[in-house]
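Below you'll find the structure, written out as structure tokens, and then a few comments.
The values are calculated or read from the model by the stated rules, or taken from the named source; none is laboratory data. These figures come from a predicted structure and were not determined experimentally. Note that we place each Cβ from the backbone using ideal geometry, even for glycine, and neighbour counts take in every protein chain shown.
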């Protein structure tokens with residue numbers, strides 16, 4: 001049986017020494033419990049669950065879905081895709097599901113906070129000044145099932161694709177001209193764009209720091 005204690009501890013900002021102190025055990029024993037080298041018992045599980053204020057069942061490690069990283073966030077909050085083939089799939093209504101689910105170069109484990117379906121991700125390639133994003137962080141977003149901009153992406157920071165084959169991280173605002181949008185940059189250091197025709201957009205649901213990211217094998221075909 002596996003547990004998600006390390007993930008929860010890091011998310012809470014606790015050290016192993018602090019956890020050991022709260023449980024009134026040695027740091028060595030705590031390290032063994034967290035890494036699976038020492039046998040977990042009911043007393044330790046209940047104590048750890050109380051620290052995180054969750055039921056014991058929430059500490060059980062599930063086999064989480066593999067989430068495709070579609071590309072890398074680079075300068076000007078543009079998203080770089082690994083190949084032209086991926087760009088073509090992203091613009092093809094018949095290939096859209098495949099673009100978000102299969103064929104990527106990198107996959108990460110779906111966080112406990114998100115559903116296992118309908119989610120894709122982008123990876124932060126470099127530290128973005130004036131934002132909380134650092135290199136290696138992952139931004140998870142709800143991906144659209146069809147071309148178009150869903151209502152839940154409006155007025156939200158979203159991953160979006162324009163009709164020129166460019167991909168951006170922008171806040172999506174409806175423009176006056178039908179079927180166009182203003183794309184507002186995350187900070188003043190990037191360029192906002194106006195009256196842009198979009199293929200699709202998906203709102204950001206979770207920012208996951210690099211230290212919490214877990215690689216995952218590609219899903220089976």
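What to note about this one:
- Search result, residues across segment 75-97 that are part of a loop (DSSP other than H, G, I, E, B), surrounded by 15 or more Cβ atoms within 10 Å (Cβ to Cβ) and in contact (Cβ under 8 Å) with a residue 12 or more places away in the chain: 81, 82, 91
- Residue ID - farthest from residue 89 (Cα to Cα), chosen from residues in segment 143-177 that are in contact (Cβ under 8 Å) with a residue 60 or more places away in the chain and part of a strand (DSSP E or B): 170
Table: residues versus (1) under 21 Å from the mean Cα position of the chain (by Cα); (2) more than 21 Å from residue 141 (Cα to Cα).
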| position | (1), (2) |
| --- | --- |
| 176 | no, yes |
| 194 | no, yes |
| 197 | no, no |
| 217 | yes, no |
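- Breaking point among (1) assigned to a loop (DSSP other than H, G, I, E, B); (2) in the same structural domain as residue 186 (by TED's automatic domain parsing), for residue 38: (2)
Residues are listed down the side, and each one gets a yes or a no for (1) assigned by TED's automatic domain parsing to the domain that holds residue 99; (2) in contact (Cβ under 8 Å) with a residue 40 or more places away in the chain; (3) surrounded by fewer than 15 Cβ atoms within 10 Å (Cβ to Cβ); (4) in a strand (DSSP E or B):
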| position | (1), (2), (3), (4) |
| --- | --- |
| 128 | yes, yes, no, no |
| 136 | yes, yes, no, no |
| 141 | yes, yes, no, yes |
| 191 | yes, yes, yes, no |
| 194 | yes, no, yes, yes |
| 201 | yes, yes, no, yes |
| 217 | no, yes, yes, no |
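- Matching residues in segment 46-74 - criterion: being surrounded by 18 or more Cβ atoms within 10 Å (Cβ to Cβ) and more than 30 Å from residue 103 (Cβ to Cβ): 48, 59
- Search result, residues across segment 29-64 that are within 30 Å of residue 169 (Cα to Cα), in contact (Cβ under 8 Å) with a residue 12 or more places away in the chain and out of contact with any strand residue (DSSP E or B) (no Cβ under 8 Å at 6 or more places or on another chain): none
- Yes/no for residue 132 being modelled with pLDDT under 90, over 20 Å from residue 219 (Cα atoms) and out of contact with any strand residue (DSSP E or B) (no Cβ under 8 Å at 6 or more places or on another chain): no
- Considered as a group, the residues in segment 1-21 that are under 22 Å from residue 212 (Cα atoms) and more than 27 Å from the chain's Cα centre (by Cα) include one that is surrounded by the fewest Cβ atoms within 10 Å (Cβ to Cβ), and that residue is 17.
- Note on segment 9-41: residues that are closer than 12 Å to residue 59 by Cα and modelled with pLDDT under 90 amount to 1.
- Screening residue 100 on (1) at pLDDT 85 or above; (2) within 19 Å of residue 165 (Cα to Cα); (3) outside any helix (DSSP H, G or I); (4) in contact with a strand residue (DSSP E or B) (Cβ under 7 Å, 6 or more places away or on another chain) shows it passes everything except condition (3).
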